Amino acid sequence: MAADPEAPLAPGLYLVATPIGNLGDITLRALDVLKRVDRIACEDTRQTQKLLNHFEIATPTVSCHLHNERQRAAELVDALKSGGRIALVSDAGMPGISDPGGWLAAQAIAAGVTVIPIPGANAALSALVASGLPAGEFLFFGFLPEKAGARLSRLEALAAETSSSEAARTLIFYEAPHRIMGTLKDLEAVWGPHLRVVVARELTKIHEEFLRGTVAEVQQEMVGRNRIRGEITLLVEALPQTVSETSAISAGAAPEKIAVRIARLQAETGVDEKEALKRLAREMGQSKSELYRELQRERARLKSSPRPAAKNL
């Protein structure tokens with residue numbers, strides 16, 4: 001039911017979602033709360049003021065951002081404990097989702113303050129439902145590490161973790177325009193060129209765009225652009241390791257052992273085992289680390305399997 005505009009707003013901390021681009025995505029409930037709270041804690045008061053001016057809201061604001069949230073939380077929680085009504089907003093989307101707000105919410109809960117979510121726009125979920133990728137199971141990771149080496153290691157770890165899943169999962173990341181090409185290259189290195197990805201750019205804005213296809217196709221589309229702009233949500237279809245094996249079995253062929261394929265690659269190309277493992281991982285669309293673990297499991301099974309008894313001739 002809609003809130004009674006004549007009734008006083010209940011005390012508590014209101015986590016208010018704001019538009020991620022299109023101002024029309026603000027909810028009626030969010031506008032009502034922003035008008036009636038005592039003050040609004042903002043990631044950037046200047047950014048929020050644009051929204052408030054547009055909707056003619058005169059509620060006082062105070063900053064609560066990445067660098068002062070812990071100090072500001074003590075002041076805000078004291079006001080809340082005294083029966084205050086405070087709204088928390090980020091620059092766009094839901095507070096606490098790759099934005100400040102989580103610490104303040106946790107401190108308010110610990111102090112016995114009521115915390116009320118006011119739902120609204122969110123880039124990750126908006127991108128997911130329009131991506132065409134599986135939405136039954138998905139994992140949100142926010143931003144990947146900025147440094148290339150750390151980013152690649154993180155993706156390799158994720159590939160190893162998700163490969164044991166029984167169903168396809170969609171991995172969701174936020175990414176900066178100047179890093180997206182490097183991230184796509186890393187995805188191809190870890191999962192292979194046939195990995196399905198979606199780059200969702202400038203969601204809800206005039207230049208909203210979805211690039212859907214394999215990671216190789218999306219890279220080819222983006223590499224010819226003079227400049228990549230806008231906020232980006234990156235989605236990755238992480239298939240279970242067993243999918244490719246199941247396909248092979250259904251076609252009437254048992255999956256070939258990793259050790260055999262590596263040995264053949266070494267014989268054909270003259271590379272060492274490490275390089276052969278790397279090439280095979282790319283070919284199979286799996287992470288090198290997971291493929292290495294499978295190789296070790298094969299060797300362990302071979303060692304533990306009973307040897308046939310010798311026959312007397």
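The values are calculated or read from the model by the stated rules, or taken from the named source; none is laboratory data. If you're wondering where the values come from, they're calculated on a predicted model, not measured in any experiment. In this analysis, Cβ positions are derived from the backbone assuming ideal geometry, glycine residues included, and neighbour counts consider all displayed protein chains.
Points to keep in mind about this one:
- Pairs where the first residue, in the stretch 32-57, is within 20 Å of Gly12 (Cα to Cα) and in a loop (DSSP other than H, G, I, E, B) and the second is aromatic (Phe, Trp, Tyr) and modelled with pLDDT of 95 or more, C-beta under 9 Å, 6+ apart: Val37/Tyr14
- Of residues in the stretch 277-313 being touching a Lys or Arg at 6+ places or on another chain (Cβ under 7 Å) and charged (D, E, K, R), the one modelled with the highest pLDDT: Lys278
- Looking across the stretch 128-145, the residues that are surrounded by 15 or more Cβ atoms within 10 Å (Cβ to Cβ) and either of a type in the set (Phe, Trp, Tyr) or not assigned by TED's automatic domain parsing to the domain that holds Leu211 (or both) come down to Phe138, Phe140, Phe141.
- Number of positions in the stretch 67-115 that are over 13 Å from Thr45 (Cα atoms), aliphatic (A, V, I, L, M) and part of a loop (DSSP other than H, G, I, E, B): 4
- The stretch 98-111 - residue that is touching a residue at least 40 places away in the same chain (Cβ under 8 Å) and among the hydrophobic types (A, V, I, L, M, F, W, C) and, of those, surrounded by the most Cβ atoms within 10 Å (Cβ to Cβ): Leu104
- Of the residues making up the stretch 273-297, just one is within 23 Å of the chain's Cα centre (by Cα) and over 15 Å from Leu152 (Cβ atoms), namely Gly285.
- Meets criteria (over 30 Å from the mean Cα position of the chain (by Cα) and outside the structural domain of Glu208 (by TED's automatic domain parsing)) for Glu43: no
- The residues of the stretch 146-156 that are surrounded by 13 or more Cβ atoms within 10 Å (Cβ to Cβ) and either among the polar types (S, T, N, Q) or closer than 24 Å to Asp99 by Cα (or both), listed by number, are Ala148, Arg151, Leu152, Ser153, Arg154, Leu155.
- Cβ-Cβ under 9 Å pairs, at least 6 apart or on other chains, the stretch 223-250 side in the same structural domain as Gly192 (by TED's automatic domain parsing) and among the polar types (S, T, N, Q), far side at pLDDT 90 or above and part of a loop (DSSP other than H, G, I, E, B): Thr233/Ser131; Thr233/Leu203
- The lone exception for Ile228 - which of (1) modelled with pLDDT of 95 or more; (2) surrounded by 14 or more Cβ atoms within 10 Å (Cβ to Cβ); (3) over 14 Å from the mean Cα position of the chain (by Cα); (4) within 28 Å of Thr18 (Cα to Cα) it fails: (1)
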